[in-house]
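Below is one structure, written out as structure tokens; the observations come after it.
The values are calculated or read from the model by the stated rules, or taken from the named source; none is laboratory data. Nothing here was measured: the structure is a model prediction, and the numbers come from that model. Note that each Cβ is placed from the backbone with ideal geometry, even for glycine, and that neighbours are counted across all protein chains shown. With ligands, DNA and RNA removed, areas are computed over all heavy atoms of the protein, side chains included. Shrake-Rupley method; radii C 1.70, N 1.55, O 1.52, S 1.80 Å.
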Amino acid sequence: MAEYNVHLTACRQIAKGTMAFHFEKPVGFSHKPGQAIDLILPGHQTGTRSSDTRHTFSIVTAPEEDELVVATRIGESVFKHALCALPIGTEVQINGPFGSFTLPKNTERTSVLIAGGIGITPFMSILRHAAQQQTLQQLILLYSNHYPEDAAFLEELQQLERQNQRFQLMATMTDMEHSTQSWDGATQIIDSDWIKQVVTGLDNPAFYVSGPPALVEAMRQTLTMSGIDEDNVRSETFYGY
Ligand SMILES: Cc1cc2nc3c(=O)[nH]c(=O)nc-3n(C[C@H](O)[C@H](O)[C@H](O)COP(=O)(O)OP(=O)(O)OC[C@H]3O[C@@H](n4cnc5c(N)ncnc54)[C@H](O)[C@@H]3O)c2cc1C
């Protein structure tokens, strides 16, 4: 796998407890929307657990963009503490890109993307690319969060929906009683009735599920209950949440 040294160019908060980290894009680096990289922080020493300095992240940026961005919920782990403490300009190592969480070449099949929380990251690259290239594929995104405050990239997704006639956003906020923001969209969980409504009239759609382990497991069960063949479902599990 290719290794590159890159500099951190910016970091910014994109939702409650959620940060995006921007890096230079190395010369010769190219990825497919949906792929990931390993990010290796400086300071790896013998005796350090590798998970304290190395984590896998999906690439948020589209291949056309001239930087690499990853996004994560900031937790208590040694890795994330170290990541947040990096001064702008710090050199880090990235390995990749890798992964096959990518859309089929056949654009006639609708892809139904299901993201829970920070699981939105691989879909951002896919959806930015689709809007920029005006690809022919129909894309439906079901995006579930507790409330708007922690829904990363929500405004950008609403804008991408306006830019791309073949993209439909279905966002839901399942814990609005703990929100201070208003929300006039869906508040239900993604259940099999909703999935059945979404797939009505679609010819053999492909499903992509991304998020924490509990969400991915629940969605796989829901899709099975909705009559979706598991051969048509791919998932990316973000362990550690
Ligand atoms: C392809 C891929 C793409 C990812 N993209 C993103 C992304 O865009 N944004 C993001 O925030 N996260 C992403 N993740 C998850 C990310 O790598 C971290 O695991 C996650 O962010 C939690 O990190 P942490 O430091 O908070 O917890 P950690 O300290 O890494 O993990 C906490 C606990 O989770 C358990 N755990 C960790 N890894 C595994 C494993 N592989 N199998 C079983 N249990 C495990 C262990 O019990 C560990 O002690 C991705 C993972 C993969 C595989």
Of all residues in segment 221-233 being surrounded by fewer than 16 Cβ atoms within 10 Å (Cβ to Cβ) and not aliphatic (A, V, I, L, M), the one that is farthest from the ligand (Cβ to nearest atom): G227
Odd one out for I190 among (1) buried (at least 19 other Cβ atoms within 10 Å of the Cβ); (2) not in a loop (DSSP other than H, G, I, E, B): (2)
Segment 221-241: number of residues that are touching a helix residue (DSSP H, G or I) at 6+ places or on another chain (Cβ under 6 Å), in a helix (DSSP H, G or I) and hydrophobic (A, V, I, L, M, F, W, C): 1
Every residue from segment 70-94 that is in contact (Cβ under 8 Å) with a residue 24 or more places away in the chain, among the aliphatic types (A, V, I, L, M) and either more than 19 Å from L127 (Cβ to Cβ) or more than 10 Å from the ligand (Cβ to nearest atom) (or both): I74, V78, A82, L83, L86, I88, V92, I94
Subset of segment 70-110 [at pLDDT 95 or above, under 21 Å from A152 (Cα atoms) and among the polar types (S, T, N, Q)]: T72, T102
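Which ones in segment 63-83 are surrounded by fewer than 19 Cβ atoms within 10 Å (Cβ to Cβ) and over 16 Å from V6 (Cα atoms)? First the steps, then the outcome.
Taking segment 63-83 first, the residues surrounded by fewer than 19 Cβ atoms within 10 Å (Cβ to Cβ) are 63-67, 73-78, 80-82.
Those that are surrounded by fewer than 19 Cβ atoms within 10 Å (Cβ to Cβ) and over 16 Å from V6 (Cα atoms): P63, E64, R73, I74, G75, E76, S77, V78, K80, H81, A82.
From the list V209, V199, exactly one residue is aliphatic (A, V, I, L, M), out of contact with any Phe, Trp or Tyr (no Cβ under 8 Å at 6 or more places or on another chain) and within 16 Å of the ligand (Cβ to nearest atom). Which is it? Before you say what the answer is, go through the steps one by one.
Details: V199 fails: within 16 Å of the ligand (Cβ to nearest atom).
After applying the criteria, what remains is V209.
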Number of the exception - S51 against (1) over 29 Å from P148 (Cα atoms); (2) part of a loop (DSSP other than H, G, I, E, B); (3) not aromatic (F, W, Y): (2)
Test: E236 is in contact (Cβ under 8 Å) with a residue 40 or more places away in the chain, more than 16 Å from the ligand (Cβ to nearest atom) and either surrounded by 19 or more Cβ atoms within 10 Å (Cβ to Cβ) or not β-branched (V, I, T) (or both): no
Options T9, T61; residue that is on the phi < 0 side of the Ramachandran plot, hydroxyl-bearing (S, T, Y) and in contact with a Phe, Trp or Tyr (Cβ under 7 Å, 6 or more places away or on another chain): T9
Residues within segment 141-153 that are open to solvent by less than 20 Å² (accessible area, probe 1.4 Å) and either under 18 Å from E64 (Cα atoms) or without any contact (Cβ under 8 Å) to a residue 60 or more places away in the chain (or both), tallied: 5
Failed condition for A115, given (1) more than 10 Å from the ligand (Cβ to nearest atom); (2) touching a residue at least 60 places away in the same chain (Cβ under 8 Å); (3) farther than 29 Å from N204 by Cα; (4) outside any loop (DSSP other than H, G, I, E, B): (3)
Some residue of segment 95-107 being more than 20 Å from E161 (Cβ to Cβ), β-branched (V, I, T) and either within 14 Å of the ligand (Cβ to nearest atom) or open to solvent by less than 20 Å² (accessible area, probe 1.4 Å) (or both): yes
